[in-house]
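See structure below.
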Amino acid sequence: MRRRDFVLGALGAGLASTGAFDSLVRNDITAQAAFARGGIPYGAAVRTDLLDTELDYKEAIIDHCQIVVGEGGLKWIDVRPSQEQFVFDQPDRLIDFADRNGMQMRGHTLAWYGAMPDWTKTIASADEAERELVHHITTVVGRYRGRIPSWDVVNEAIAETPMRGSVIRNSVWQERLGPRYIEIALRTAAAVDPSAQLVINDYNIENPTSQCRDRRKALLDLLRSLKDRDVPFHAVGIQGHLPGDMEIDREGLSRFVEDVKRMQLEVLVTELDVIDDTLPANEYDRDRIVARRAGDFLAAIGEAARPSAVLTWGITDRYTWVPMWFKRSDGKLNRPLPLDASYRPKALMKVIDEFTRAAE
Ligand code: G3I
């Protein structure tokens with residue numbers, strides 16, 4: 001069933017609280033009705049250009065989503081092609097689309113090691129780095145103040161393999177400022193838009209490996225140290241780029257979410273997809289494994305807390321980052337997302353629907 005059909009039956013339901021995502025005026029029946037049902041809002045990362053060029057894509061987003069986030073567009077490489085410039089074409093278009101369709105837009109991302117323009121390599125000192133980071137966040141968050149209710153302020157801050165003495169991932173910010181860049185970023189965002197949900201977003205924490213255990217511990221240590229210093233932030237974004245060939249560590253993940261919740265922080269799923277390069281070629285079998293991984297992942301989180309949102313990183317297998325890094329060797333298309341390349345819902349969509357609506 002398409003989400004549009006599902007939600008149309010929901011008109012008249014009372015407005016229930018959905019955390020950071022229930023504050024804007026909504027003017028479209030689809031997303032508005034879905035918000036009104038009071039389930040966990042679902043959304044997807046969007047390639048903004050496609051909204052103008054591919055009708056099926058645009059309709060799929062409208063049919064299924066209450067939240068959008070730019071897959072790009074708000075990254076430094078997009079907003080800051082040069083030190084002097086701020087380019088807001090893509091996020092301006094996406095937020096207009098979101099407004100017109102009663103959706104909300106998340107902001108991704110303000111302090112990350114990736115997608116940095118070359119000129120940032122010339123940032124030479126701690127003072128200059130702090131000046132640039134504060135200027136950037138002030139300008140970007142300020143432009144959308146009161147309109148973007150949730151920001152991935154700090155993205156992927158934990159080292160790939162955290163080790164004693166090197167727990168924070170290297171970046172221009174870490175090199176010049178050390179870990180205090182995280183505090184600077186959060187304090188700046190909070191000062192500019194005190195109403196926004198400020199998120200620390202990370203990945204690779206959900207499998208039964210020592211690397212994931214170490215990463216969960218490193219992330220919890222970071223959250224605690226920020227809390228101890230009264231640094232303003234509100235949530236942990238669990239990206240959820242799930243390796244299809246690995247079980248979910250349900251107990252470890254649930255315990256992690258409980259620990260997060262105990263710190264009075266929210267959780268949300270920000271970039272769910274299932275990396276299927278090593279899964280069976282047969283599409284039916286593959287889709288079932290993909291759905292089961294996501295189901296286990298969501299269930300483990302749901303046992304400990306109600307996420308404030310669930311977003312997938314893209315909506316259709318037609319447009320996904322996965323083959324950039326995890327192309328299949330048999331030449332078949334990757335199938336990491338809820339809709340197939342022809343926009344037909346797959347088992348993963350059903351799992352997400354059931355999870356988000358169970359909370360209604
Ligand atoms: O737009 C250009 C296009 O003009 C050019 O022809 C083409 C040639 O390579 O590149 C296009 O840009 C690519 C862009 O994606 C648009 O799809 C960039 O090369 C490529 O680096 C960029 O990759 C993105 C990546 O982040 C880096 O920003 C992926 O789409 C995006 O899915 C990925 O998203 C990240 C999240 O931000 C953080 N978490 C992990 C997630 C997946 O890697």
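No value in this document is a laboratory result; all are computed from the given coordinates. Given the structure is predicted, the values throughout are model-derived calculations rather than measurements. Note that each Cβ is placed from the backbone with ideal geometry, even for glycine, and that neighbours are counted across all protein chains shown.
Give me, ordered by chain and number, the residues 5 or more places off residue 105 or on other chains with an amide H under 5 Å from its own placed amide H.
HN-HN under 5 Å from residue 105: 68.
Picking from 257, 112, 313, whose Cα lies most toward the positive end of the charge dipole for the chain (charges on Cβ: Lys, Arg +1; Asp, Glu -1)?
Working it through, the farthest residue towards the positive pole turns out to be 257.
In debye, nearest 20: dipole of region 40-357 around its Cα centre with unit charges on the Cβ of K, R (+) and D, E (-)? Kindly include the intermediate steps, with their values, before the conclusion.
Values: 42 positive and 51 negative charges, 119 e Å.
About 580 debye.
Given H placed on each backbone N at 1.01 Å, which residues far from residue 311 in sequence or on other chains put an amide H within less than 5 Å of it?
43, 269, 270, 271, 272
Projecting each Cα onto the charge dipole of region 40-357 (Lys/Arg +1, Asp/Glu -1 at the beta carbon, about the Cα centre), which of 157, 225, 235 comes out farthest on the positive side?
Of the options given, the answer is 225.
Can you list which of the DSSP-assigned H helices in the chain have a Cα extent of 30 Å or more along the long axis and an average Kyte-Doolittle score of at least -0.5?
283-304
Output the Kirkwood hydrodynamic radius of the chain, Cα pairs only, in Å rounded to one decimal.
Numbers: mean 1/r = 0.0486 Å⁻¹.
Result for the chain, one decimal place: 20.6 Å.
Taking trypsin sites (Lys or Arg not before Pro) as candidate sites, keep only those in a DSSP loop with at most 13 other Cβ atoms within 10 Å, then name the longest stretch of the chain containing none of them. Please list the in-between numbers first.
Values: sites that count: 145, 164, 229, 327.
Free of exposed loop sites, the longest segment is 1-144.
Can you work out ³J(HN,Hα) from phi for every residue in region 231-244, in order, using Karplus 6.51 cos²θ - 1.76 cosθ + 1.60 and θ = phi - 60°, giving whole Hz and x for Gly and Pro?
Per-residue couplings from phi come out as 6, x, 7, 10, 7, 10, x, 9, 4, x, 7, 8, x, x Hz.
Filter 261/346; 58/332; 217/346 down to the pairs with a C-alpha to C-alpha distance above 30 Å, please.
Cα-Cα > 30 Å for 261/346; 217/346; rest within.
Of all DSSP beta bridges in the chain, what percent run antiparallel (nearest 5)?
In the chain, approximately 10 percent of DSSP beta bridges are antiparallel ones.
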